[in-house]
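Novice: Right, I'll just put the structure down here and ask away after.
The values are calculated or read from the model by the stated rules, or taken from the named source; none is laboratory data. The model shown is predicted, which means the values in this text are computed figures rather than measured ones. Virtual Cβ from ideal backbone geometry, glycine too; neighbours counted across all protein chains shown. Just so you know, the surface numbers come from the protein's heavy atoms only, side chains and all, with ligands and any DNA or RNA stripped out. Shrake-Rupley method; radii C 1.70, N 1.55, O 1.52, S 1.80 Å.
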Amino acid sequence: MKILAIETSCDETAAAVVEDGRRALADVVATQIEIHRRWGGVVPELASRNHVVQVMPVVDEALSRAGVGPDGIDAIAVTSGPGLVGALLVGVQAAKALALAWQKPLVRVNHLEGHLVAAFLSETPPAFPYLGLVVSGGHTSLYAAERFGAYRLLGQTRDDAAGEAFDKGAKLLGLPYPGGIAIDRLAREGDAHAIRFPKAIVKGSELDFSFSGLKTSLLHHVKKHGVPEGRGLADLCASYQEAIVRALVEKAFRAARRLQFDRLVLAGGVAANSRLRAAVSEKAAEYEGMEVFLPAPRLCTDNAAMIAVAGTHAFLRGERAGSDLNADPAWRL
């Protein structure tokens, strides 16, 4: 079974062809980083307009790399939420048009489910059930993944997502967008214990996250001491990054311990962060029998291959979308 998937939820225009929900025959991503860098973050209107220009060339490239034409595609999957409404609309409309023109079934996919099942494109996929930590620019959530299509929300951020904390922190320090990559790079040369940032305590839920206070703490530090250079900047980045990573790791393993999960899947754009990947692996080594699944960095950032995986199983469950399919920017998984 071959599924063509389209993903345009934010600032990446992506298309992929995946076979049997396990093997990516083609995975094409057109990034918009250079477009948004001058503004220090994603500008929704610019993202939407660029998707309009890129979506069909990206689809054509995916089909070409996969060596298949419309006749070789069994169904079309598309991200219809959550995300930026204008960006989502481009992908949804393109997928609906292709499904109509090619007479193919259409399935809608939740972007977060795509992240949660991206690990199935790895050589060694996880087995259900597992604990999924989705960490991205717009989402920081813990899910109990029971089977394809069945996910239970255990905890989420009360304010900024981890990716936002990285990007906003980088902006305060005068670092280029995307901020998470810049902080990660500098932090490798710094001392993560040089500056002690506070740990957020979230009242009412031990599995929820909060990063707005950390961002404010960095702001006060910069106002008081200024933005350092050289080793001082590396130390500040390493310490700030460590505070974010510490919160993510502590909550994830608290959930694993409490709910007796022995498999943890890390997903989302921030899952490409080198310190987070190392910290999760280090912590897992303390637990006998704990398995950690870390998708390749290219599968952590937004891509259409993960949407195809989720779409494959939605299609097998008999789910179909009609011509009335619309963008659902607030679609909760």
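Novice: When you go through Ile6, Ile76, Ile35 one by one, which is the residue that is surrounded by fewer than 21 Cβ atoms within 10 Å (Cβ to Cβ), under 29 Å from Ser141 (Cα atoms), among the β-branched types (Val, Ile, Thr) and in contact with a helix residue (DSSP H, G or I) (Cβ under 7 Å, 6 or more places away or on another chain)? Explain how you work it out, then say what you get.
Specialist: On the way: Ile6 fails: surrounded by fewer than 21 Cβ atoms within 10 Å (Cβ to Cβ); Ile76 fails: surrounded by fewer than 21 Cβ atoms within 10 Å (Cβ to Cβ).
Of the residues listed, the single one that is surrounded by fewer than 21 Cβ atoms within 10 Å (Cβ to Cβ), under 29 Å from Ser141 (Cα atoms), among the β-branched types (Val, Ile, Thr) and in contact with a helix residue (DSSP H, G or I) (Cβ under 7 Å, 6 or more places away or on another chain) is Ile35.
Novice: Answer yes or no: is there a residue in the stretch 307-326 that is within 16 Å of Val135 (Cβ to Cβ), assigned to a helix (DSSP H, G or I) and in contact (Cβ under 8 Å) with a residue 24 or more places away in the chain.
Specialist: no
Novice: Related question: Could you go through the stretch 255-274 and let me know if any residue there is of a type in the set (Lys, Arg), at pLDDT 95 or above and under 18 Å from Ala5 (Cα atoms).
Specialist: no
Novice: Which condition number does Leu294 fail, the rest of (1) without any contact (Cβ under 8 Å) to a residue 12 or more places away in the chain; (2) under 18 Å from the mean Cα position of the chain (by Cα) being met?
Specialist: (1)
Novice: Continuing with this model, one more query. Can you report the number of residues in the stretch 290-310 which are under 15 Å from Ala14 (Cα atoms) and open to solvent by 50 Å² or more (accessible area, probe 1.4 Å)?
Specialist: Number of matching residues: 2.
Novice: Additional query: Taking interchain pairs and intrachain pairs at least six residues apart, which have beta carbon atoms under 6 angstrom, with the first residue in the stretch 26-46 and closer than 25 Å to Ala16 by Cβ and the second open to solvent by 40 Å² or more (accessible area, probe 1.4 Å) and of a type outside the set (A, V, I, L, M, F, W, C)?
Specialist: Pairs that qualify, where the first residue is closer than 25 Å to Ala16 by Cβ and the partner is open to solvent by 40 Å² or more (accessible area, probe 1.4 Å) and of a type outside the set (A, V, I, L, M, F, W, C), are Ala26/Arg65; Val28/Glu61; Ala30/Gln54.
Novice: Let me ask something additional. Restricting to the stretch 159-181, count the residues that are crowded, with 22+ Cβ neighbours inside 10 Å and among the aromatic types (Phe, Trp, Tyr).
Specialist: 1
Novice: So in the stretch 312-333, with the set limited to residues that are under 17 Å from the mean Cα position of the chain (by Cα) and farther than 17 Å from Glu146 by Cα, which one is surrounded by the fewest Cβ atoms within 10 Å (Cβ to Cβ)?
Specialist: Here the residue is Ala330.
Novice: Here is a follow-up. Considering the stretch 313-333 alone, what residues qualify as being out of contact with any Leu (no Cβ under 9 Å at 6 or more places or on another chain) and within 18 Å of Trp102 (Cα to Cα)?
Specialist: Correct list: Phe315, Asp324.
Novice: Would it be correct to say that Asp184 is under 20 Å from Arg37 (Cα atoms), of a type outside the set (Val, Ile, Thr), open to solvent by less than 40 Å² (accessible area, probe 1.4 Å) and modelled with pLDDT of 95 or more? Walk me through how you get there before you give the answer.
Specialist: Details: under 20 Å from Arg37 (Cα atoms): yes; of a type outside the set (Val, Ile, Thr): yes; open to solvent by less than 40 Å² (accessible area, probe 1.4 Å): yes; modelled with pLDDT of 95 or more: yes.
Considered against the rule, which asks whether it is under 20 Å from Arg37 (Cα atoms), of a type outside the set (Val, Ile, Thr), open to solvent by less than 40 Å² (accessible area, probe 1.4 Å) and modelled with pLDDT of 95 or more, Asp184 comes out as yes.
Novice: OK, next. Could you check the stretch 187-213 and list, in sequence order, the residues that are modelled with pLDDT of 95 or more and within 25 Å of Ile33 (Cβ to Cβ)?
Specialist: Passing the criteria: Ala187, Arg188, Glu189, Gly190.
Novice: Among the residues of the stretch 59-72, are any open to solvent by 50 Å² or more (accessible area, probe 1.4 Å), of a type outside the set (Phe, Trp, Tyr) and under 30 Å from Tyr151 (Cα atoms)?
Specialist: Within the stretch 59-72, not a single residue is open to solvent by 50 Å² or more (accessible area, probe 1.4 Å), of a type outside the set (Phe, Trp, Tyr) and under 30 Å from Tyr151 (Cα atoms).
Novice: Tell me the residue from His115, His111 that is under 29 Å from Ala94 (Cβ atoms) and touching an Asp or Glu at 6+ places or on another chain (Cβ under 8 Å), please.
Specialist: None of the others qualify; the one that does is His111.
Novice: Looking at Ala267, Ala308 in this structure, which one is under 18 Å from Gly155 (Cα atoms) and under 18 Å from the mean Cα position of the chain (by Cα)?
Specialist: Ala267
Novice: Here is a list of conditions, (1) within 18 Å of the chain's Cα centre (by Cα); (2) within 20 Å of Glu282 (Cα to Cα), and Ile181 meets all of them except one; can you say which number that is?
Specialist: Here Ile181 meets the rest and fails (2).
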